[in-house]
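Structure, as structure tokens:
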Amino acid sequence: MTLVKTKIGRRAFIRNTGLAGGGLVLGFNWLASCKMTPEQVNSMPKEWFELNGFLKIGDNGLVTIMSPNPEIGQNVKTAMPMIVAEELDVAWKDVIVEQAPLNTDIFTRQLAGGSQSIRQGWEGLRMAGATARQMLKEAAAQAWEVPVGEITTSEGVLTHNASGKSAGYGEIASAAAGIEVPEEVELKEQKEFKIIGTDRMNVDGTKIVTGKPLYGLDIQREGMLIAMIVHPPAFGMKLKDMDAESVKSMPGIKDVFPIVVYPEDAEKQWSDGGAIAELAVVVGNSTWECMQAKKALQVQWEEDSKPESTAYHDEALTELLNTAPKEAARKDGDVEAAFKTAAKIVESTYSAPFLAHNTMEPMNFFAHVTSEKAELLGPIQTPEFLEMTLVSVLGMPKEQIDIHMTRMGGGFGRRLYGTFAVEAAVISQKMGAPIKLVYTREDDMTQGTYRPSYKVRYKAGLDENGNLIAWHVRGAGTNDDLIFENRFPAGAVDNYLAEKHSLQTNVTTGAWRAPRSNFIAGAEQAFMDEVAEAAGKDPIEFRLELFDRAISNPVGNPEQNDYDPERYAGVLKLVKEKSNWTNGTSGKSRGVSAYYCHNSYVAQVLDLTMNGDAPNVDKVWCAVDCGIVINPLSAKNQIEGGIVDGIGHATYSAMSFKDGVPEQSNFDSYRLIRNMEAPKEIETFFVDNGIDPTGLGEPSLPPISGALANAMYKATGRRFYKQPFISDKPPLVG
Amino acid sequence: MATFTLNINGKTQEVDVDPSTPILWVLRDNLKLVGTKYGCGIAQCGACTIHLNGTATRSCMLPISSVGNQEITTIEGLSENGDHPVQKAWLEVDVPQCGYCQAGQIMTASALLEQNPNPTDEEIEMVMNGNICRCGTYVRIRKAVKMASKS
Ligand code: FES
Ligand code: FES
């Protein structure tokens, strides 16, 4: 045990003791309350005692733990409560998990993004469990009139050995709720963990496999209407006029109108990126009826800015690659001079298209806005920012706005931009009725907020011994400048130059799982392979030499480098050993890749055989350093998902535009990886180093396209510079 | 609008909808059976998979007028207590990430095993190829189907 001051998240504990003191806390949220079995109802406590904002304990010892952050499939709804339960010292089987609503008084950073939930939640979650445990001990000490230091806990039971007294948490909870929040608490040592580091099934697993309502799209309410929108058919267009009257009489249709979602003076947040100011709206009784009216609706659009095509983006990005920006993002030594003396020079350009997020659950949101209150419920990664926008758009104080998060059918960054929730709110306000806004797949895929398209050019110089003496990277992206100038190999090369450009476009873009890293990692790691080959060195040894350099004699200020070379080299060495790199697998072509982003380190080896033009991935070995692993079962799931996702998008997916019109609008034109194309096997290995945990939602995706390209080169003798590697139309299924 | 009598999860249900309405929306909007998911509406993703007389079928392009009294099974009716071998295997392997596609995956897998209790790895991949999982849980899906086939 380590004694720690309870400062982190203390707000949550202090504020709530005022409310606590043994009061009955009722109210499961709507999703959790749907149809409990009789056994579940019987085992429910008669009273709940709230010890702090994160947890309440029932009189029978059951514990409800609030999961503060939005759940998008990254499994924080299981992992975050595991951390609280660990420090509370309860048995996991006695824990019920609830999704917390947005509550900025209690929780900090209720956001799903940047793989930060676990990393930034870690201390606060531990404190929440540990303070409650301490309060239970204090209450027991008072009741038994023994020193608190002599009381121990285990799996929800308090014990005083000397007197032989013991009690379950449920029996003491009422008294504990009245105890003052301790100034200091004891935290467990890693070796004392009983829950953290063990496999725990998804807390929503049973509901998922039995089809219970969990998602925004599943929301049903008395009197609820369905709303659908029609957005401009092309980027650069805006609403001019519409013929609402002719569809108003269609069956089931309640109203059809244009709506200004964001008035000119609206105070927008970054989460309103991709917002479309004015839309056509159809409101009706059912989804199918709204879909029919939406199809029939005639809308006139007018040009707002010049429509752009993919060919234009390509040319403009290439032009930027041919232009030196005024200022370098980072410059060490003198690359030009070094290139002059280099024995060998390698130069290549890599590119990738726009991508849609394509969460399987399309955008949607429930809103019920009245003059007194706004109630919002649905899938949102940034509830706090949504609330700020709603204050401005609805003209309502924060106190009157309630935001609840549902489990989300995928996020990948798309639901950071909650414009759809704002749309739902203003439509409900206008209708004076509860509505559920539903996007069709086509609405969803053509709305924008895409992963930007990118191009990057690398140039490397080697001396006669195959040492890397110069590295020049110049990158450009649409609305995004692509380059992380302080990432590897910065700090490992004497002469280093990083330059970046951003091309302003009217095709809207946003964060997409592992922003920028999702492309630059694969490009950099494929180029690294070319350079290692030119140097006549093994690709892993070549990288390790560079890390040695960054460890022993870093170039520039090592503080500036955005990575720890020892941890980086660590995952490479681990994957080298696990994949039996030196000997390989007979008949297979293999590639390696490693990357650091979102505070975690990943190295991968990939084996494949080619099936015509298509890669058949036989196996991926993946070594990961994310510090302490909370839940290995689902941590591996994240790693596997990121690998499949990364292979899929690099190989098959693209969004393209003709005169501002998206050329893909559904899965018959936009290709996503399918079961047969996924690796046959993925094996994950975690570095066990006891370092505080970092996130896993993103880090396994970025490097895999590099390992794939490198293995495809081995198999075909061709380098793959342009994503998607295979640009066939999707196969039709079903 | 017209009245239709449907046989869903062993129960007779009456609904009054336009004859063109796909079963997906009848289930979700009219009968509040929301376990069957909408993903694409054009029979490409498999999220809306149900069993029609035991065969895995995309409900998003299946108009109610074409169904008659054929037996419909949805994820809610796959088993009484959520203990169908496929559901059990899905939990044990801990397949879901976001979970949204999984009802469709389970309906496809359970229909496959009904017709072919011991599919080969290739057969599993081939049949499951119709169901997209954006979260990329394919490796676990195969493993869970395999596990269920053995039970
Ligand atoms: S919703 Fe029916 S196949 Fe996609
Ligand atoms: S689990 Fe998210 S789409 Fe399959």
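How many residues, within the stretch A:655-684, are under 22 Å from B:ALA47 (Cβ atoms) and more than 8 Å from chain B (Cβ to nearest Cβ)? Qualifying residue count for the region: 8. For the stretch A:394-418, a residue qualifies if it is crowded, with 23+ Cβ neighbours inside 10 Å and either part of a helix (DSSP H, G or I) or of a type in the set (D, E, K, R) (or both), and the qualifying residues are A:ARG407, A:ARG414, A:ARG415, A:LEU416.
With B:CYS101, B:CYS48 as the choices, which residue is within 16 Å of ligand 1 (Cβ to nearest atom), at the interface with chain A (Cβ under 9 Å from one of its Cβ atoms) and either closer than 30 Å to B:SER20 by Cβ or at pLDDT 95 or above (or both)? Give the derivation first.
Working: B:CYS48 fails: at the interface with chain A (Cβ under 9 Å from one of its Cβ atoms).
Residue meeting the stated conditions: B:CYS101.
Going by the structure shown, is B:ILE75 touching a residue at least 24 places away in the same chain (Cβ under 8 Å), within 8 Å of another protein chain (Cβ to nearest Cβ) and among the hydrophobic types (A, V, I, L, M, F, W, C)? Yes. When you check A:LYS459 against the structure, is it more than 21 Å from the chain's Cα centre (by Cα), away from ligand 1 (no atom under 16 Å from the Cβ), touching a residue at least 24 places away in the same chain (Cβ under 8 Å) and surrounded by fewer than 23 Cβ atoms within 10 Å (Cβ to Cβ), yes or no? Answer is yes for this residue. Here B:GLY82 clears all of (1) farther than 24 Å from A:PHE412 by Cβ; (2) of a type outside the set (Val, Ile, Thr); (3) more than 8 Å from chain A (Cβ to nearest Cβ) except the condition numbered (3).
Out of the residues in the stretch B:108-145 that are within 16 Å of ligand 2 (Cβ to nearest atom) and touching a residue at least 60 places away in the same chain (Cβ under 8 Å), state the one that is farthest from the other protein chains (Cβ to nearest Cβ). Out of the qualifying residues, it is B:THR108.
Looking only at the stretch B:13-45, count how many residues are more than 8 Å from ligand 1 (Cβ to nearest atom) and at positive phi.
Taking the stretch B:13-45 and keeping what is more than 8 Å from ligand 1 (Cβ to nearest atom), we get B:13-23, B:25-36.
Pick out the ones that are also at positive phi and you get B:32.
Going through the stretch B:13-45 one residue at a time, the tally reaches 1.
Can you work out which of the residues in the stretch A:163-216 that are within 14 Å of another protein chain (Cβ to nearest Cβ) and of a type in the set (A, V, I, L, M, F, W, C) is farthest from B:GLN97 (Cα to Cα)? Filtering first and then ranking leaves A:LEU214.
Go through the stretch A:465-483 residue by residue and tally those that are surrounded by fewer than 24 Cβ atoms within 10 Å (Cβ to Cβ), over 19 Å from A:GLU347 (Cα atoms) and either touching a residue at least 40 places away in the same chain (Cβ under 8 Å) or of a type in the set (Asp, Glu) (or both). Total meeting the criteria: 2.
If you filter the stretch B:85-98 down to residues that are at the interface with chain A (Cβ under 9 Å from one of its Cβ atoms) and in contact (Cβ under 8 Å) with a residue 60 or more places away in the chain, you find that the one that is surrounded by the most Cβ atoms within 10 Å (Cβ to Cβ) is B:VAL86. Once the stretch B:118-130 is narrowed to residues that are within 19 Å of A:ILE682 (Cβ to Cβ) and within 16 Å of ligand 1 (Cβ to nearest atom), the residue that is nearest to the chain's Cα centre (by Cα) is B:MET128. From A:GLU327, A:GLU278, which residue is of a type in the set (D, E, K, R) and out of contact with any strand residue (DSSP E or B) (no Cβ under 6 Å at 6 or more places or on another chain)? Exactly one residue qualifies, and that residue is A:GLU327. Scan the stretch A:175-221 for residues that are assigned to a helix (DSSP H, G or I) and farther than 21 Å from B:GLY82 by Cα and report the count. Adding up the residues that qualify gives 7. The strands (runs of 3 or more DSSP E) found entirely in the stretch A:424-530 that carry 3 or more residues being in contact with a Lys or Arg (Cβ under 9 Å, 6 or more places away or on another chain) are A:454-462, A:468-478, A:495-503. Exactly one residue out of B:CYS135, B:CYS101, B:CYS60 is outside the structural domain of B:CYS40 (by TED's automatic domain parsing), under 21 Å from A:TYR215 (Cα atoms) and within 12 Å of the chain's Cα centre (by Cα): that is B:CYS101.
Look at (1) out of contact with any strand residue (DSSP E or B) (no Cβ under 7 Å at 6 or more places or on another chain); (2) buried (at least 18 other Cβ atoms within 10 Å of the Cβ); (3) assigned to a loop (DSSP other than H, G, I, E, B) and you find that B:TRP25 fails only one, number (3). Using the structure shown, decide if A:PHE667 is touching a residue at least 24 places away in the same chain (Cβ under 8 Å) and within 21 Å of B:GLU125 (Cβ to Cβ). In short, yes.
The values are calculated or read from the model by the stated rules, or taken from the named source; none is laboratory data. Quantities reported herein were computed from a predicted structural model and do not represent experimental measurements. Cβ: placed from backbone, ideal geometry, glycine included. Neighbour counts: every protein chain shown.
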